[in-house]
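A short write-up of the structure that comes next.
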Amino acid sequence: MGTSERDLEAHVPEGNTTDRTTAGVPTEPSGTPPDRPSGPPGTTSPGSTAADTGPRDSTTAGTGTPASTTAGAEAARSTTAGTGVPGSTVPGRSAPPRAPGSGAAPPRTLAEALRTRDDDSLAALLRARPDLLSPVPGDLGLLATRAGTRASVVRALERLDRFTLQAAEALAVAPDPATYDALRALMTGDEGDPETEAALPHAVHVLREQALLWGADDRLRLVRTARELLAPSTAHPSPTGLGPTVAEATAGMSPTRLQAILAAAGLPTTHDPVSAVHGLTSLFTDRSRMDALLNTAPTDALAVLDRLVWGPPYGEVSSDPAPPVRWLRDRGLLLPTSARTVVLPREVALHLRAGRAHRTPEPHPPRLGTASAHSPKMVDLTAAGQAFTALSTVEDLLKDWDRGGPAVLRSGGLSVRDLKRTASAMDLPEPTAAFWLELAYAAGLVASDGESDERYAPTPAYDDWLDLPPQERWSRLAATWLRGTRTAGLVGVQDAKGRALSALGPDLDRSAAPEVRRRVLALLATLPEGTAPDPGTVLARLHWERPQRGTTGDLRTRLALWTLDEAELLGVTGRGALSAHGRALADLDRTPDTGPGTDHAPTQAEAAACALRAATLLAPLIPEPLDHVLLQADLTAVAPGPLQRPLAETLSVLADVESKGGATVYRFTPGSVRRALDSGQAASDLHAFLATHSRTPVPQPLTYLIDDVARRHGHLRVGSASSYVRCDDDAVLGEILADKRSAGFGLRRLAPTVLAARAEPAALVDGLRTMGFAPAAESAAGDVLITRADARRTPARTAPAPVPEGPPVPDETLLGAALHAIRAGDMAANAVRKPAADDPTAAASAGSLPRTSSAETLATVQAAAMTGSALWIGYVNADGAASQRVIAPVRVEGGFVTAYDHTADQVKTYPLHRITGVAELADDPA
């Protein structure tokens, strides 16, 4: 008896996705498992928000102070030395954690669990989740609330490695709360897995440290938001492939149908649905009874279960299902969720999986494979050669834009046509040309000029960059690439509106780029020196460290591949292996790789020190610039290596670059010689320059070329009338007038040696040159105008700042100040005050500021100043914001009280008329 695809198809409802952190929050499953424990009297259920963040042990301004919790009351019993204030802590000193077995009540909420942590543990939490400090929470209750918000939990889950995320996913399908033994059983299965079992404590520790998990090992709880994101539902299946529990799947089922399922499964009928669900759950979780039931199943029915066991757990059935499907449905092994859909209950799936939540737990990261191996010296030399090529490429690119580069698009960026033209001029593929353009832009070497006809041009910083030694120029480019968020690989990709992203455009920043680049280099540094990795294994390792979650995962994959290519182009790697100066640049020569999440971006000072070490290592590998060329009889000059900058600049004006490579070939032409004369050089200067810098005699053809061009240069003069042409030889002017090509200039003779023209001077000069003449432009005073190739620069521009991915990791100073403020605010929020004599229940009120009359307030404050005791006050500032504080009054005069504010940890003065009321702190019950 078989079952067809028409009878049962493994099916995920439309719109399903396993991306738990980007999907919407699933609705709470109907029905509650009978084994879910209920909270103690007076508390909320474990699944509620209050169970995570706790009863409100801190309030916003003007809301008053709630009754203290168990942890808050214990914290209030400690007394700061010399202050006499119950509940305060010594500034800078850690709050003592509870010792196991000390008799203290276990934490009931995440806020109470945070109060048991010392300062080192809280600091680790704030480093791992820096968004919790934006802004600094007023107390630990607010910190717990913020740690449970969706945005913060999503960010924290996305930064977990695959195995830690698998542990969280297992907890999401376990009972709430779960024991550590139950979690271990879900991760290792019935047969056990020593490697998974050994790695599990660290995963649980990470979840606890990041406040995604709290509670002792006998009551582990995921924060509610994380459970909602990771738990299975109809709309959003779990990555484990498990479905709902029996209790959740049978919610809303008629009692008659439940009793029929019990009878078909061989169980006694019950009097109510709750006990019926409990009996069915007990059957499915009993290994021996479940094996006996499955032994009676038809073979085709077992095949149906095999198709659903690892997910998706949902399947479609026809209105008249096949006998194997009917057999499973009658016994509750498949439960209906709609008229045409059934689901495999979680308990049944776990039995078929031998207790495992995941098909393949991954406790260890994949190993990096090796693509090739070379000697470290060869790698460094290859990388150094590529680094020098990178410098030459950037210089050539910006030299082409010296007189003004291409126009800026109205929406910003470079047009596709201009990018193609630039790539063709540099003899590079378009993606490579886009990379160098983006790198120069990120380094602040090129920018828009800001004119009405806006164009790209080099910045003044480009001239400063050219004055640096080659190794420092490279380190600046490489450091910019490593920390920058500009992503050249996206050029040409369509955005959400279907528009192609343009080079130098506004939408190329990706915040994940710096982290991915540093992580890829860190992985390369773990291999032996000179070893190039297999790119596929690098991607597998990155996917394990940061599991793909929707489109973000695809971006990280592309960023990793681009990083490998760009590092080779830039000379950070050579032949695919990380070079010595590349290790120094990423600070990997001194700081070993300690895994993902620990390689935080360095500070500006640390980055500068790394760049300096990298430049020092690169300097001996870069060839020394030469001060000579080899002149040849065919009007060419060969530079056998890199030239000194003054020599290279002059030669680039005097000759055109014909070819590049290990040696650069320059060709002298009449146009290039005229260009040198236009720049202010005389023929004698050019002869002296070539004689000084040539290791071979100056060829006679080159001497004749220079003299011939110089003899004719400046024979004609062009000025502005709109423009004019003057020449001592009237026959030359007659020749120009007779030439049909001059008709467009509107020439007419004003005198035997002067012609007037309607064309602009620049256009007239260019036109006469195309006709074969060699005119020179002159000023209004009659002096020859000297033109320079590097005359155009933008105004001073700052390099674009990288776009950070969320708040930065706080430094130690900020952490210390934040911890002190949180501890002080928590102490003030949970201070227990004495009940008023006429209101014995006042200490228990949790929603109001203290309220006393003006006379009573003054008398209580004066008494506290004389006795040195502390008070709990309500205070409204000039903006009308209400707050609560613990103060120790020192002096009362002139309508003001001067007191030490334990919340702010400083002496402050408060107007008495702004104090809403006062209350004495409760005595230490101990």
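The values are calculated or read from the model by the stated rules, or taken from the named source; none is laboratory data. These numbers were taken from a predicted model, which means no experiment stands behind them. Glycine also receives a Cβ, built like all others from the backbone with ideal geometry; neighbour counts cover every protein chain displayed.
Going through (1) in contact with a His (Cβ under 7 Å, 6 or more places away or on another chain); (2) within 17 Å of P800 (Cα to Cα) one by one, D507 falls short only on (1). Give the number of residues within the range 357-405 that are assigned to a helix (DSSP H, G or I), among the charged types (D, E, K, R) and closer than 25 Å to P458 by Cβ. Counting residues in the range 357-405 that are assigned to a helix (DSSP H, G or I), among the charged types (D, E, K, R) and closer than 25 Å to P458 by Cβ gives 4. Exactly one residue out of A442, A434 is in contact with a Ser or Thr (Cβ under 7 Å, 6 or more places away or on another chain) and more than 13 Å from R792 (Cβ to Cβ): that is A442. Cβ-Cβ distances below 9 Å connect the following pairs, each with a first residue in the range 290-301 that is touching a residue at least 12 places away in the same chain (Cβ under 8 Å), a second residue that is among the aromatic types (F, W, Y) and surrounded by 17 or more Cβ atoms within 10 Å (Cβ to Cβ), and a separation of six or more residues or different chains: M290/F284; L293/F284; A297/W327; P298/W327; D300/W327; A301/W327. Among residues of the range 408-427 being touching a Leu at 6+ places or on another chain (Cβ under 9 Å) and farther than 21 Å from D495 by Cβ, the one that is surrounded by the fewest Cβ atoms within 10 Å (Cβ to Cβ) is A425. All of (1) among the hydrophobic types (A, V, I, L, M, F, W, C); (2) at pLDDT below 95; (3) touching a strand residue (DSSP E or B) at 6+ places or on another chain (Cβ under 9 Å) hold for L439 with one exception: (2).
Residues satisfying the criterion are absent from the range 648-655 (criterion: touching a helix residue (DSSP H, G or I) at 6+ places or on another chain (Cβ under 9 Å), of a type outside the set (A, V, I, L, M, F, W, C) and modelled with pLDDT of 90 or more).
Would a scan of the range 177-184 turn up a residue that is more than 30 Å from R329 (Cβ to Cβ), within 24 Å of the chain's Cα centre (by Cα) and part of a helix (DSSP H, G or I)? Quick ask: steps written out before the conclusion?
Of the residues in the range 177-184, the ones more than 30 Å from R329 (Cβ to Cβ) are 177, 179-181, 183-184.
Keeping just the survivors that are within 24 Å of the chain's Cα centre (by Cα) gives none.
Taking every residue of the range 177-184 in turn, none turns out to be more than 30 Å from R329 (Cβ to Cβ), within 24 Å of the chain's Cα centre (by Cα) and part of a helix (DSSP H, G or I).
For the range 625-643, a tally of residues being in contact with a Pro (Cβ under 8 Å, 6 or more places away or on another chain), surrounded by fewer than 20 Cβ atoms within 10 Å (Cβ to Cβ) and closer than 26 Å to V379 by Cα returns 4.
Working only within the range 274-327, note down all residues that are small (G, A, S), surrounded by 16 or more Cβ atoms within 10 Å (Cβ to Cβ) and closer than 21 Å to G355 by Cα.
So the first thing to find is which residues in the range 274-327 are small (G, A, S), and the list is 275-276, 279, 282, 288, 292, 297, 301, 303, 311, 315, 318-319, 322.
If we keep only those that are surrounded by 16 or more Cβ atoms within 10 Å (Cβ to Cβ) as well, we get 276, 279, 297, 301, 311, 315, 322.
G279, A297, A301, G311 - these are the residues of the range 274-327 that are small (G, A, S), surrounded by 16 or more Cβ atoms within 10 Å (Cβ to Cβ) and closer than 21 Å to G355 by Cα.
Could you go through the range 348-369 and let me know if any residue there is acidic (D, E), in the same structural domain as T281 (by TED's automatic domain parsing) and touching a helix residue (DSSP H, G or I) at 6+ places or on another chain (Cβ under 7 Å). There is no residue in the range 348-369 that is acidic (D, E), in the same structural domain as T281 (by TED's automatic domain parsing) and touching a helix residue (DSSP H, G or I) at 6+ places or on another chain (Cβ under 7 Å). Annotation note: Cβ proximity below 8 Å between a residue of the range 445-466 that is assigned by TED's automatic domain parsing to the domain that holds W481 and under 10 Å from R793 (Cβ atoms) and a residue that is assigned to a loop (DSSP other than H, G, I, E, B) and of a type outside the set (F, W, Y) (sequence gap 6+ or interchain) occurs for no pair.
In this structure, L171 does not satisfy being of a type outside the set (D, E, K, R), surrounded by 19 or more Cβ atoms within 10 Å (Cβ to Cβ) and over 19 Å from D217 (Cβ atoms). Among the residues that make up the range 486-506, is at least one of them crowded, with 20+ Cβ neighbours inside 10 Å and in a strand (DSSP E or B)? Yes, the range 486-506 contains at least one residue that is crowded, with 20+ Cβ neighbours inside 10 Å and in a strand (DSSP E or B).
Looking only at the range 711-722, decide whether some residue is over 21 Å from E778 (Cβ atoms) and surrounded by 13 or more Cβ atoms within 10 Å (Cβ to Cβ).
Filtering the range 711-722 down to residues over 21 Å from E778 (Cβ atoms) leaves none.
No - not one qualifying residue is present in the range 711-722.
Against the definition (in a loop (DSSP other than H, G, I, E, B), in contact with a His (Cβ under 8 Å, 6 or more places away or on another chain) and not β-branched (V, I, T)), how does P312 come out, yes or no?
On the way: in a loop (DSSP other than H, G, I, E, B): yes; in contact with a His (Cβ under 8 Å, 6 or more places away or on another chain): yes; not β-branched (V, I, T): yes.
Considered against the rule, which asks whether it is in a loop (DSSP other than H, G, I, E, B), in contact with a His (Cβ under 8 Å, 6 or more places away or on another chain) and not β-branched (V, I, T), P312 comes out as yes.
Could you tell me whether any residue of the range 658-672 is within 43 Å of the chain's Cα centre (by Cα), crowded, with 19+ Cβ neighbours inside 10 Å and closer than 23 Å to D463 by Cα? Step through it out loud before you land on a result.
Taking the range 658-672 first, the residues within 43 Å of the chain's Cα centre (by Cα) are 659-664.
Of the ones still in play, those that are also crowded, with 19+ Cβ neighbours inside 10 Å are 664.
Checking which are closer than 23 Å to D463 by Cα leaves us with 664.
Within the range 658-672 (the criterion being within 43 Å of the chain's Cα centre (by Cα), crowded, with 19+ Cβ neighbours inside 10 Å and closer than 23 Å to D463 by Cα), the answer is yes, since at least one residue qualifies.
When the range 360-395 is examined, which residues are found to be surrounded by fewer than 17 Cβ atoms within 10 Å (Cβ to Cβ) and closer than 23 Å to A648 by Cα? Across the range 360-395, the qualifying residues are G385, T389, S392. H271 fulfils the conditions (1) surrounded by fewer than 17 Cβ atoms within 10 Å (Cβ to Cβ); (2) at pLDDT 90 or above except for a single criterion, (2).
Restricting attention to the range 240-261, the residues that are in a helix (DSSP H, G or I) and either in contact with a Cys (Cβ under 8 Å, 6 or more places away or on another chain) or touching a residue at least 60 places away in the same chain (Cβ under 8 Å) (or both) total 6.
Going residue by residue through the range 343-351, is there one that turns out to be in a strand (DSSP E or B) and crowded, with 22+ Cβ neighbours inside 10 Å?
Taking the range 343-351 first, the residues in a strand (DSSP E or B) are 343.
So of that shortlist, the ones also crowded, with 22+ Cβ neighbours inside 10 Å come out as 343.
Yes: the range 343-351 contains one or more residues that are in a strand (DSSP E or B) and crowded, with 22+ Cβ neighbours inside 10 Å.
Determine which member of the set R146, R155 is under 20 Å from the mean Cα position of the chain (by Cα), at pLDDT below 95, in a helix (DSSP H, G or I) and not hydrophobic (A, V, I, L, M, F, W, C). Give the steps one after another, and end with the answer.
Working: R146 fails: under 20 Å from the mean Cα position of the chain (by Cα).
Selected residue: R155, the only one of R146, R155 that is under 20 Å from the mean Cα position of the chain (by Cα), at pLDDT below 95, in a helix (DSSP H, G or I) and not hydrophobic (A, V, I, L, M, F, W, C).
If you check A757, A762, A791, A799 for being surrounded by 14 or more Cβ atoms within 10 Å (Cβ to Cβ), small (G, A, S) and modelled with pLDDT under 85, only one passes: A799.
Take residues that are free of Cβ contacts under 8 Å to residues at least 40 places away in the same chain and tell me which of the strands (runs of 3 or more DSSP E) falling wholly in the range 665-758 contain 1 or more. Don't jump to the end; show me each part of the working.
Details: elements: 717-719, 723-726, 748-751, 754-757.
Strands (runs of 3 or more DSSP E) meeting the threshold: 723-726, 748-751, 754-757.
Name the single residue, out of those in the range 441-476 being hydrophobic (A, V, I, L, M, F, W, C) and in a helix (DSSP H, G or I), that is farthest from the chain's Cα centre (by Cα). Among those residues, the one meeting the criterion is L466. Taking the condition part of a helix (DSSP H, G or I), under 22 Å from the mean Cα position of the chain (by Cα) and among the charged types (D, E, K, R), does E438 pass? Considered against the rule, which asks whether it is part of a helix (DSSP H, G or I), under 22 Å from the mean Cα position of the chain (by Cα) and among the charged types (D, E, K, R), E438 comes out as yes.
Looking at the range 417-424, is at least one residue at pLDDT 90 or above, in contact with a strand residue (DSSP E or B) (Cβ under 9 Å, 6 or more places away or on another chain), aliphatic (A, V, I, L, M) and not assigned by TED's automatic domain parsing to the domain that holds A762? Let's see the steps before the verdict.
Filtering the range 417-424 for residues at pLDDT 90 or above gives 417-424.
Then keep just the ones that are in contact with a strand residue (DSSP E or B) (Cβ under 9 Å, 6 or more places away or on another chain); that gives 418.
With the extra rule that they be aliphatic (A, V, I, L, M), the set shrinks to none.
No; the residues of the range 417-424 include none that is at pLDDT 90 or above, in contact with a strand residue (DSSP E or B) (Cβ under 9 Å, 6 or more places away or on another chain), aliphatic (A, V, I, L, M) and not assigned by TED's automatic domain parsing to the domain that holds A762.
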